[in-house]
1. State yes or no: is Ser94 surrounded by fewer than 14 Cβ atoms within 10 Å (Cβ to Cβ) and either under 23 Å from Asn50 (Cα atoms) or of a type in the set (Phe, Trp, Tyr) (or both)?
2. Considering only segment 182-215, state which residues are assigned to a helix (DSSP H, G or I), within 22 Å of the chain's Cα centre (by Cα) and farther than 14 Å from Met165 by Cβ.
3. Please give the number of the condition Leu168 fails out of (1) out of contact with any Leu (no Cβ under 7 Å at 6 or more places or on another chain); (2) aliphatic (A, V, I, L, M); (3) over 30 Å from Lys231 (Cβ atoms).
4. Considering each of Gly133, Gly216, Gly184 in turn, give the residue that is closer than 30 Å to Thr107 by Cα and either surrounded by fewer than 21 Cβ atoms within 10 Å (Cβ to Cβ) or among the aliphatic types (A, V, I, L, M) (or both).
5. Being surrounded by fewer than 16 Cβ atoms within 10 Å (Cβ to Cβ), at pLDDT 95 or above and of a type in the set (Val, Ile, Thr) is true for just one of Thr141, Thr66. Which residue is that?
6. Can you spot a residue in segment 112-121 that is β-branched (Val, Ile, Thr), closer than 27 Å to Gln198 by Cα and touching a helix residue (DSSP H, G or I) at 6+ places or on another chain (Cβ under 7 Å)?
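The values are calculated or read from the model by the stated rules, or taken from the named source; none is laboratory data. These figures come from a predicted structure and were not determined experimentally. Cβ: placed from backbone, ideal geometry, glycine included. Neighbour counts: every protein chain shown.
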Amino acid sequence: MKAFLLLISLLPFYLFAGEVALEAFKNQDYKKAYKLYKIDADSGDVVAQNALSYLYFNGYGVEKNTEEALFWLKKSAHNMNANAQYDLGMMYLSGKNVEKNLNLAYTWLDSASDLGNVNAKYNLALMYYIGDGVDANLTQTLLLLEDAAQSGHKASIDNIAIIYMQNLKFDEAVKWLKVNAKNGDTRAYSLLGEIYCQEEKFVEAKKWLKKSIKSGNEDATLLFKEYGLEKY
């Protein structure tokens with residue numbers, strides 16, 4: 001019982017130590033941040049391990065050391081830190097700091113995705129879409145993009161509608177294009193107009209193409225004339 005009580009009593013200080021390290025980093029007191037993160041990293045804190053790798057990669061508060069940075073990044077990733085897994089996966093995908101390895105890129109991005117990292121979901125979706133290091137799979141692409149987009153991931157929201165359009169899934173494309181349009185993406189106006197023209201919903205097409213024309217899209221003007229939308 002005494003040991004349990006001791007553990008509980010130390011917990012607030014341990015959490016506080018992590019907050020102090022972050023505050024030191026924000027204040028660009030990198031040597032202090034390094035010292036505190038190193039203590040926590042050695043104690044098994046996965047967030048501190050990931051932070052320590054960042055300091056080593058960039059030479060903040062410590063001499064730049066890619067080998068040491070990778071050691072701590074991999075340690076954090078193996079300890080199931082989603083952000084570390086994402087960073088490691090992207091390094092293997094791009095060949096930055098490590099030899100490019102698409103199999104390892106997939107492994108780490110897939111794991112980070114399962115842990116809820118939306119950036120990992122997006123990049124994994126692209127791998128499935130292109131067939132980069134994994135068999136091309138449109139179903140998996142859209143599942144991952146939907147999940148990331150539902151979480152508010154901007155790049156996923158921006159691109160999922162285009163992929164739905166390319167695969168003639170117009171109802172789903174319209175849903176996301178309207179989100180884009182609401183967010184001020186003027187490209188979405190013309191794409192909505194194009195879909196509604198194809199579906200012969202000309203009143204809706206006219207509304208969106210007029211918005212697109214107003215934003216300066218010349219292609220929208222041509223489409224407006226092609227379908228004779230003035231009469232609707």
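1. Details: surrounded by fewer than 14 Cβ atoms within 10 Å (Cβ to Cβ): yes; either under 23 Å from Asn50 (Cα atoms) or of a type in the set (Phe, Trp, Tyr) (or both): yes.
Spelling it out, Ser94 is indeed surrounded by fewer than 14 Cβ atoms within 10 Å (Cβ to Cβ) and either under 23 Å from Asn50 (Cα atoms) or of a type in the set (Phe, Trp, Tyr) (or both).
2. Kept after step one, since they are assigned to a helix (DSSP H, G or I), are these residues of segment 182-215: 182, 186-198, 202-214.
Checking the rest, the ones that are also within 22 Å of the chain's Cα centre (by Cα) come to 182, 187-188.
The one that is assigned to a helix (DSSP H, G or I), within 22 Å of the chain's Cα centre (by Cα) and farther than 14 Å from Met165 by Cβ: Lys182.
3. So Leu168 meets the others, but not (3).
4. On the way: Gly216 fails: closer than 30 Å to Thr107 by Cα; Gly184 fails: closer than 30 Å to Thr107 by Cα.
Every option except Gly133 fails the conditions.
5. Details: Thr141 fails: surrounded by fewer than 16 Cβ atoms within 10 Å (Cβ to Cβ).
Only one candidate qualifies: Thr66.
6. First pass over segment 112-121, keeping only residues β-branched (Val, Ile, Thr): 118.
Okay, now just the ones that are also closer than 27 Å to Gln198 by Cα, so none.
Checked against the condition, which is being β-branched (Val, Ile, Thr), closer than 27 Å to Gln198 by Cα and touching a helix residue (DSSP H, G or I) at 6+ places or on another chain (Cβ under 7 Å), segment 112-121 yields no hits at all.
The rows are residues; the columns are (1) loosely packed, with under 12 Cβ neighbours inside 10 Å; (2) modelled with pLDDT under 95; (3) out of contact with any helix residue (DSSP H, G or I) (no Cβ under 6 Å at 6 or more places or on another chain); (4) closer than 20 Å to Met91 by Cβ.
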position: Phe13; (1), (2), (3), (4): yes, yes, yes, no
position: Ala24; (1), (2), (3), (4): no, yes, no, no
position: Asn27; (1), (2), (3), (4): yes, yes, yes, no
position: Phe57; (1), (2), (3), (4): no, no, no, yes
position: Leu70; (1), (2), (3), (4): no, no, yes, yes
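So that you can scan it fast, the table gives a plain yes or no per residue for (1) more than 20 Å from the chain's Cα centre (by Cα); (2) in a helix (DSSP H, G or I):
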| site | (1), (2) |
| --- | --- |
| Ala48 | yes, yes |
| Ala51 | no, yes |
| Leu55 | yes, yes |
| Val62 | yes, no |
| Glu68 | yes, yes |
| Leu73 | no, yes |
| Ala84 | no, yes |
| Asp87 | no, yes |
| Met90 | no, yes |
